[in-house]
Amino acid sequence: MFNEVPELYDRVRPGYPDELFADLGAVTSMDERSSVLEVGCGTGQATRSLAALGCSVTAVEPGADMAALARHRIASFRNVEVETSTFEKWDNRGRRFDVLVAASSWHWVDPSIGWQRAHDMLHPGGWMALLGHVVVRRPGEPEVYAETADLHERFCPGNPDWGHPPLEEDVRGTDEGWGLVDDPGELFGPTIVAQRS
């Protein structure tokens, strides 16, 4: 779907604040010696920020056109490689990584394969980081999303929460869970939740 319009996707998709990657580096001790696997890099928005940290980044993207745009966007970085494949079928050639990052992409991965595969591709003590955006509403703001609910139902039917995003204070008040994906069970340690605006 997004692979058909990579330039438009890159232009309108919200980016990630630099502070988020500073937090990620602090939590995981990621530095120029670290190896990072990025799952579903899209057009390379998060990839650029990861590369700027100096670590070695291997990015996997199933969409050929998205991957091509990502390669173009990160061409100035020597520490990044973009491979075209789904995560489930990607040949890691026996490599293991210090950190696995999925920026607004993990929900596309088949959980019956993805969680175990992610665990197996990390070095002992490695980290898995799921980054994403959360739409919130603030008291007194117009219900903008409610105005477009008919479009969402037309193009992505079956999501009853559309048009009714949670209050910002409710989102900021939570510190548990893996977001909008299934829980990985006992494969990983306790979850750390961090939020940036």
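So here's what we get for this one:
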item	result
Gained length - Leu151 relative to Glu88, 0.36 nm times residue gap less alpha-carbon distance	19.5 nm
Using a Förster distance of 22 Å, the FRET efficiency for Ser76-Trp108 (Cβ separation, nearest 0.05)	0.20
Efficiency of FRET from Cβ geometry, Val193 and Glu32, R₀ 22 Å, rounded to 0.05	0.25
Computed Rg/Rh of the stretch 18-84, alpha carbon atoms with Kirkwood Rh	0.96
Solvent exposure of the stretch 64-116 as accessible area per residue, Å², 1.4 Å probe	53 Å²
Positive-end residue of Pro165, Thr28, Val57, charge dipole of the stretch 24-170 with Cβ unit charges	Val57
Distance in nm between pseudo-label sites at Ala68 and Gln116 (7 Å out along the Cβ direction from Cα)	3.6 nm
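The values are calculated or read from the model by the stated rules, or taken from the named source; none is laboratory data. Every value quoted in this text rests on a predicted model; they were computed, and no experiment measured them. Positions of Cβ are generated from backbone atoms using ideal geometry, with glycine treated the same way; all protein chains shown enter the neighbour counts. Ligands, DNA and RNA are stripped out before the accessible areas are found, and what is left, the full protein with its side chains, is counted by its heavy atoms. Shrake-Rupley method; radii C 1.70, N 1.55, O 1.52, S 1.80 Å.
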